[in-house]
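Participant: First the structure, then my questions, so here it is.
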Amino acid sequence: MTTSATAVPVPAGRKAGRNGRPRGANFVKMMPLAPAIGLMLVFLAGPILYCVYAAFTNMALTGTGAANVKFVGLDNFRKAFGSSAFTNSIWLTLVFTLISAIIGQNTLGLGLALLMRRSHRLVRNFVGTAVIGAWVLPEIVAAYLLSAFFNDDGTLNVILHKVGLPGQDWLYAAPIIAVSIANIWRGTAFSMLVYSAALSEVPKEIEESAEMDGAGGWRRLVFVTVPMISRAIMTNLMLITLQTLSVFGLIYAMTRGGPGTKSQTLPLYMYEQAFSFSQIGYGTAIALVMLAIGAVFSLIYLRGLNSEAA
C-alpha cells in the first residue's frame, strides 16, 4: 500500500518555504540558536572587525595615536613590508611551522600511531601516557622544562658530554631549532590521536591482501594505508599548521624572540610592536597579515581535501 505525502496547509496571505511550510515556522525553529549566534557575533566577529578597523589607523597606547586616532589607509602595511624585521619574522614563522608542525608533529604523530597500532598493550599505554602527558602540560610549564633541557647547563649538554661530544647553549646558538623541537614535543599528541582514530578505520583485510600479494611493510604503508587516511592527513595538517602559526607563549617563555630577533616569529613581533612599542594600529595590521597567511594555508589544505573527495 502506498501513501502520499500530505501538504501542510498554508494560511492565506503567507508565503510557503521550499518544504511547503510557512516561512515563519522555519524562523521559529531558528530561535533557539539566536543566543549562540549573538555571542559569536559579539565575541568573535566583533573583535575581528575592530582589528580590521584598527589596522588602518594610527591607534596607539600612548602619544598622538592614543588621543587622536586617524585613518592612515595602507601606511601600516607599507611600513610592515618595508621592514626587514617584519620579513625576518615571516621567514622564521614559516620555518618554525615547517619544522615543528608539517614535518615534526605530523610525521612523528603518524609514526607513533602506527607503533601503538601494532605494539603490545603495555607499550601502547606507556607511549600514550608519555606523549599525552606532554600535551596536557600548561604551555608555560612546558617552556620552562624545555629551557632547562636546552640551556648551557641543561640535560642535553650533560648527555652530550657523557658521550664525548661538545655541548653549547642551544637557545643561543640555534634558537629557532630549539623552540621547534619544543613545539614538536608538546604538540605531537594531537596528531597521534588523529592518526590513531584514522588507522582504526582502515580494514585489516585490505592490508592482509596486500601482504599476501607480496607487498612489504613500507609498500603497504605508502600505497595502501596512507591513501586510505589521506583525508585525515590533510585535516590534521590544516589544524596543526593553524595552531603553530599562532604559537606565542612557548617561544616567549623560552627565548623572548632572541637572541636579537633569531626566534622572533610573527606573534612575537606583533606583540612587541603593539604592546612594547604601543603601536596598536601597526600591531593589528601584522595580525591581519597572520590571518591572511593562515587563510592561504587553509585554502591549500581544503583544496587537497576536495580533490580527495572527488
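The values are calculated or read from the model by the stated rules, or taken from the named source; none is laboratory data. The shown structure was predicted, so the numbers you read here are calculated from the model rather than taken from an experiment. Note that we place each Cβ from the backbone using ideal geometry, even for glycine, and neighbour counts take in every protein chain shown. With ligands, DNA and RNA removed, areas are computed over all heavy atoms of the protein, side chains included. Shrake-Rupley method; radii C 1.70, N 1.55, O 1.52, S 1.80 Å.
Participant: So, Phe27, is that one of a type in the set (Phe, Trp, Tyr) and at pLDDT below 75 or not? Show your work before the answer.
Facilitator: Working: of a type in the set (Phe, Trp, Tyr): yes; at pLDDT below 75: yes.
Yes: the conditions hold for Phe27.
Participant: For the subset of the stretch 137-150 comprising residues that are in contact (Cβ under 8 Å) with a residue 40 or more places away in the chain and under 20 Å from the mean Cα position of the chain (by Cα), which member is nearest to Pro203 (Cα to Cα)?
Facilitator: Leu137
Participant: Closer than 25 Å to Pro175 by Cα and either open to solvent by less than 10 Å² (accessible area, probe 1.4 Å) or touching a strand residue (DSSP E or B) at 6+ places or on another chain (Cβ under 9 Å) (or both), is that true of Gly260? Working first, answer last.
Facilitator: Values: closer than 25 Å to Pro175 by Cα: yes; either open to solvent by less than 10 Å² (accessible area, probe 1.4 Å) or touching a strand residue (DSSP E or B) at 6+ places or on another chain (Cβ under 9 Å) (or both): no.
So Gly260 does not fit the description; no.
Participant: If you take the residues of the stretch 279-295 that are open to solvent by 20 Å² or more (accessible area, probe 1.4 Å) and in contact with a Gly (Cβ under 8 Å, 6 or more places away or on another chain), which of them is farthest from Cys51 (Cα to Cα)?
Facilitator: Gln279
Participant: Further, regarding this structure: Would you please name the residue that is most open to solvent (accessible area, probe 1.4 Å), looking only at residues in the stretch 244-254 that are of a type outside the set (Phe, Trp, Tyr) and under 18 Å from Pro138 (Cβ atoms)? Before you say what the answer is, go through the steps one by one.
Facilitator: Step one: of the stretch 244-254, the residues of a type outside the set (Phe, Trp, Tyr) are 244-247, 249-251, 253-254.
Restricting the remaining residues to those that are under 18 Å from Pro138 (Cβ atoms) gives 244, 246-247, 249-251, 253-254.
Numbers: Thr244: 2, Ser246: 69, Val247: 5, Gly249: 21, Leu250: 2, Ile251: 0, Ala253: 25, Met254: 20 Å².
Applying the filter and picking the extreme gives Ser246.
Participant: Can you name the condition, by its number, that Phe275 falls short on among (1) more than 22 Å from Val127 (Cβ to Cβ); (2) touching a residue at least 24 places away in the same chain (Cβ under 8 Å); (3) part of a helix (DSSP H, G or I); (4) in contact with a helix residue (DSSP H, G or I) (Cβ under 7 Å, 6 or more places away or on another chain)?
Facilitator: Looking at each condition in turn, Phe275 falls short on (4).
Participant: Inside the stretch 130-242, counting only helices (runs of 4 or more DSSP H) that do not spill past its ends, which hold 2 or more residues that are of a type in the set (A, V, I, L, M, F, W, C) and open to solvent by less than 30 Å² (accessible area, probe 1.4 Å)? Steps first, answer last, please.
Facilitator: Numbers: elements: 139-150, 155-162, 170-173, 175-199, 204-212, 217-220.
Result: 139-150, 175-199.
Participant: Further question: For the subset of the stretch 95-127 comprising residues that are surrounded by fewer than 19 Cβ atoms within 10 Å (Cβ to Cβ) and in contact (Cβ under 8 Å) with a residue 40 or more places away in the chain, which member is farthest from Tyr282 (Cα to Cα)?
Facilitator: Filtering the stretch 95-127 down to residues surrounded by fewer than 19 Cβ atoms within 10 Å (Cβ to Cβ) leaves 95, 98, 102-103, 107-108, 111, 114-115, 117-127.
Keeping just the survivors that are in contact (Cβ under 8 Å) with a residue 40 or more places away in the chain gives 95, 102, 108, 114, 117.
Working: Val95: 23, Ile102: 29, Leu108: 37, Leu114: 46, Arg117: 49 Å.
Taking the candidates together, the pick is Arg117.
Participant: Right, next: Could you go through the stretch 117-135 and let me know if any residue there is under 26 Å from the mean Cα position of the chain (by Cα), under 26 Å from Gln264 (Cβ atoms) and assigned by the TED database to the domain that holds Ser246.
Facilitator: Yes; the residues of the stretch 117-135 include at least one that is under 26 Å from the mean Cα position of the chain (by Cα), under 26 Å from Gln264 (Cβ atoms) and assigned by the TED database to the domain that holds Ser246.
Conditions (1) among the polar types (S, T, N, Q); (2) without any contact (Cβ under 8 Å) to a residue 12 or more places away in the chain; (3) in a helix (DSSP H, G or I), marked per residue:
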| position | (1), (2), (3) |
| --- | --- |
| Leu49 | no, yes, yes |
| Val52 | no, no, yes |
| Val69 | no, no, no |
| Phe77 | no, no, yes |
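Participant: Can you tell me which of (1) over 24 Å from the mean Cα position of the chain (by Cα); (2) at pLDDT 90 or above is the one Leu239 doesn't meet?
Facilitator: The single condition Leu239 does not satisfy is (1).
Participant: For Tyr269, indicate whether it is under 21 Å from Val52 (Cβ atoms), in contact with a helix residue (DSSP H, G or I) (Cβ under 6 Å, 6 or more places away or on another chain) and in contact (Cβ under 8 Å) with a residue 40 or more places away in the chain. Steps first, answer last, please.
Facilitator: Numbers: under 21 Å from Val52 (Cβ atoms): yes; in contact with a helix residue (DSSP H, G or I) (Cβ under 6 Å, 6 or more places away or on another chain): yes; in contact (Cβ under 8 Å) with a residue 40 or more places away in the chain: yes.
Yes: the conditions hold for Tyr269.
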